[in-house]
Amino acid sequence: MDITTINSYIEILTEELIPALGCTEPIAIAYAAAKARELLGCFPEHAVLECSGNIIKNVMSVRVPNCEELTGIKASMLAGLVGGKAEKQLEVLSEINSEHIAAVKKLLANDFCEVKLLSTDANLHLLLKLTAGNEYITVEIKNAHTNLYRIEKNGQVVFQQNENDDKYLGSFTDRRILSVKGIYEFANSVPLERIRDLIAKQIDCNMRIAEAGLQGDYGVNIGQIMLAGECGQSVSTKIRAYAAAASEARMSGCVLPVVTNSGSGNQGIAASIPVIIYARENGLSEEKLYRGLVFSNLLTIHQKTLIGRLSAFCGAISASCASGAAITYLKGGSLAQINKTIINMLANVSGIVCDGAKPSCAAKIASCLDAAYISHLLAMEGKQYQHGSGIVKEDVECTISAIGRIAHDGMRATDAEILKIMLEA
C-alpha cells in the first residue's frame with residue numbers, strides 16, 4: 001500500500017472512532033444547545049428546535065445520559081443548554097450534576113421550548129434557535145453529529161461550512177478509496193504504533209461498558225441471561241452476550257462512554273466487542289487483535305458509507321457483518337473466505353429495520369451476531385450463497401453496494417412509515 005492510501009485509511013479511522021457518552025442523537029441535540037448558548041452569551045428566554053425524522057426516531061425512547069430517568073428531545077436539548085460543555089463534543093453531558101437535572105425538570109414543566117419536524121433530505125439534520133430579548137442565535141448541524149454546518153447571529157451568518165464534493169459528507173476524508181481488499185491489505189500492513197492509541201481506547205471503553213452491563217440491572221438483562229443459559233460458556237454465546245450487555249447498558253442510561261463507529265455507539269460495540277472476545281477466548285496476540293479491530297472498524301465504515309449515517313436499515317447488521325468477517329480474519333481465513341463471510345451475512349439478515357434507539361437494540365445486536373458467526377462458520381467450510389440468490393450479486397463489492405441501495409434509497413418510505421407508527425398516540 002502506498003503511504004498516501006495508508007494515511008487516508010488512518011484519517012478515516014480517526015474521524016469515525018469517536019468516544020461518546022450516551023446515544024449519539026440526543027447527544028447531537030445537547031451539543032447544539034451547549035454550542036448555541038455559548039455563542040449567545042447568556043441563558044435564553046426561548047428555544048425552537050427542528051429535527052429530521054431520523055433524529056426524532058432515535059431520541060424518543062432512549063435515556064439522556066447522566067440525567068437519571070429523563071428521555072426525549074426536549075430533555076436532551078435542555079440538558080445541553082443547562083450543563084453541557086460544547087468543547088467535549090459527543091461527551092458534552094459528562095459534567096451534568098443534580099442541580100442541572102433539577103433545572104432541566106423545572107424548564108420541562110413550562111413552555112420554554114418548542115420542537116418541530118424539520119423538512120429536509122438529510123437524515124441527520126437539526127436547527128436550534130435560541131432567543132434572549134432582541135438577540136438570537138441559530139445553530140445548524142448536518143450530516144454528522146457534531147458537524148456544525150451553519151451559525152447565524154441576529155440575522156448575520158457568522159459561519160458557513162464550505163462543502164467539498166470530493167469529500168465524504170462534504171468535509172471528511174473520501175471514503176471511496178475503501179474496499180474489502182484494501183481494508184484487508186491495510187489491516188495486514190499498517191504500523192501498529194500509528195493506530196495503537198485509537199484501538200486501545202476502543203478496547204478499554206467498550207469492554208468496560210460490557211462488563212457494567214453484565215453486572216448491573218439494565219433493560220431485561222439480556223447478556224446475563226444468555227451467559228446463564230446452557231451454552232453460556234461457548235465463544236459464540238459470549239460474543240453475543242457481551243455485545244448485547246454493552247448496548248443495553250448504554251441505551252438504559254449507563255454513564256460510561258463508548259467509542260463509536262460511523263456516528264453510532266451500537267455500531268462501535270458490535271464492530272469491536274465480538275472481535276475482542278474471540279481473540280481473548282482463543283489466546284491470540286495483542287497484535288492480531290489490533291489488526292482484527294482495524295479490519296472490522298474499516299469494514300463497518302465501508303458499508304455505512306453507502307447506507308448513510310441514519311436509515312431505516314439497522315446499523316447492527318453492518319457492524320456485525322464486519323465483526324463476523326474479522327473473526328474469519330483472526331481465524332486465518334483467506335480474503336476469499338472473508339468475502340464469503342460478508343456475502344453470507346448480507347444474504348441472511350438484511351431485513352432488520354431501525355425503529356429508534358432503545359434497550360431492545362441489544363437483542364438486535366445479538367441476533368445479527370448470531371447470523372455473523374454462522375456466516376463465518378460457513379465461509380471457513382468454503383460455503384457461500386451464490387449470485388442470483390436474492391440480493392446477492394456477482395462479488396462482495398457489488399453485494400455491499402446492493403445493500404447500500406436498499407438501505408439508502410429503497411427504504412425511504414419504510415423510514416417514514418416507521419416514524420408515523422412511533423409517533424402514534
Count - residues of the stretch 118-136 that are surrounded by 15 or more Cβ atoms within 10 Å (Cβ to Cβ) and farther than 20 Å from Pro26 by Cα: 3
For residues that are farther than 27 Å from Ser311 by Cβ and at pLDDT below 95, tally how many sit in the stretch 68-85. 2
Within the stretch 193-203, work out how many residues are of a type in the set (D, E, K, R) and surrounded by 13 or more Cβ atoms within 10 Å (Cβ to Cβ). 3
Report whether or not Arg291 is assigned to a helix (DSSP H, G or I) and over 23 Å from Ile10 (Cβ atoms). no
Could you grab me the full set of residues in the stretch 312-338 that are part of a helix (DSSP H, G or I) and under 26 Å from Ala416 (Cα atoms)? Gly315, Ala316, Ile317, Ser318, Ala319, Ser320, Cys321
Residue, surrounded by the most Cβ atoms within 10 Å (Cβ to Cβ), within the stretch 233-265, restricted to residues that are farther than 14 Å from Leu90 by Cβ and either touching a Lys or Arg at 6+ places or on another chain (Cβ under 8 Å) or of a type in the set (Asp, Glu) (or both): Glu248
Check the stretch 265-276 and report whether any residue there is outside any loop (DSSP other than H, G, I, E, B) and farther than 23 Å from Thr328 by Cβ. yes
Residues of the stretch 314-328 satisfying the condition of being out of contact with any strand residue (DSSP E or B) (no Cβ under 8 Å at 6 or more places or on another chain) and under 20 Å from Val259 (Cβ atoms): Ala316, Ile317, Ser318, Ser320, Cys321, Ala322, Ser323, Gly324, Ala325, Ala326, Ile327
Within the group Val139, Val92, Val104, Val82, which residue is in the same structural domain as Cys51 (by TED's automatic domain parsing), aliphatic (A, V, I, L, M), touching a strand residue (DSSP E or B) at 6+ places or on another chain (Cβ under 8 Å) and surrounded by 14 or more Cβ atoms within 10 Å (Cβ to Cβ)? Val139
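Residue-wise test of (1) of a type in the set (D, E, K, R); (2) under 17 Å from Ala36 (Cα atoms).
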| residue | (1), (2) |
| --- | --- |
| Lys74 | yes, yes |
| Ala79 | no, yes |
| Glu87 | yes, yes |
| Glu91 | yes, yes |
| Ser94 | no, no |
| Lys106 | yes, no |
Any residue in the stretch 293-313 that is among the aromatic types (Phe, Trp, Tyr), free of Cβ contacts under 8 Å to residues at least 40 places away in the same chain and either in contact with a strand residue (DSSP E or B) (Cβ under 6 Å, 6 or more places away or on another chain) or surrounded by 23 or more Cβ atoms within 10 Å (Cβ to Cβ) (or both)? no
Considering only residues that are surrounded by fewer than 18 Cβ atoms within 10 Å (Cβ to Cβ) and either modelled with pLDDT of 95 or more or within 20 Å of Asn110 (Cβ to Cβ) (or both), which ones fall in the stretch 41-52? Cys42, Phe43, Glu45, His46, Val48
Kindly indicate which of Asp395, Asp355, Asp415, Asp409 is of a type in the set (Asp, Glu), under 27 Å from Asn221 (Cβ atoms) and surrounded by fewer than 24 Cβ atoms within 10 Å (Cβ to Cβ). Asp355
Being more than 23 Å from Cys51 (Cα to Cα), of a type in the set (A, V, I, L, M, F, W, C), more than 23 Å from the chain's Cα centre (by Cα) and surrounded by 12 or more Cβ atoms within 10 Å (Cβ to Cβ) narrows Val115, Val190 down to just Val190
For the stretch 375-388, which residues satisfy the criterion of being touching a residue at least 40 places away in the same chain (Cβ under 8 Å) and in contact with a Ser or Thr (Cβ under 8 Å, 6 or more places away or on another chain)? Ser375, His376, Ala379, Met380
So the helices (runs of 4 or more DSSP H) completely within the stretch 345-425 holding 3 or more residues that are over 21 Å from Gly333 (Cα atoms) and modelled with pLDDT under 95 are 412-423
Could you please give the count of residues in the stretch 389-420 that are of a type in the set (A, V, I, L, M) and in contact (Cβ under 8 Å) with a residue 60 or more places away in the chain? 9
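The values are calculated or read from the model by the stated rules, or taken from the named source; none is laboratory data. Note that the structure is a prediction, hence the values are computed from the model and not measured. Note that we place each Cβ from the backbone using ideal geometry, even for glycine, and neighbour counts take in every protein chain shown.
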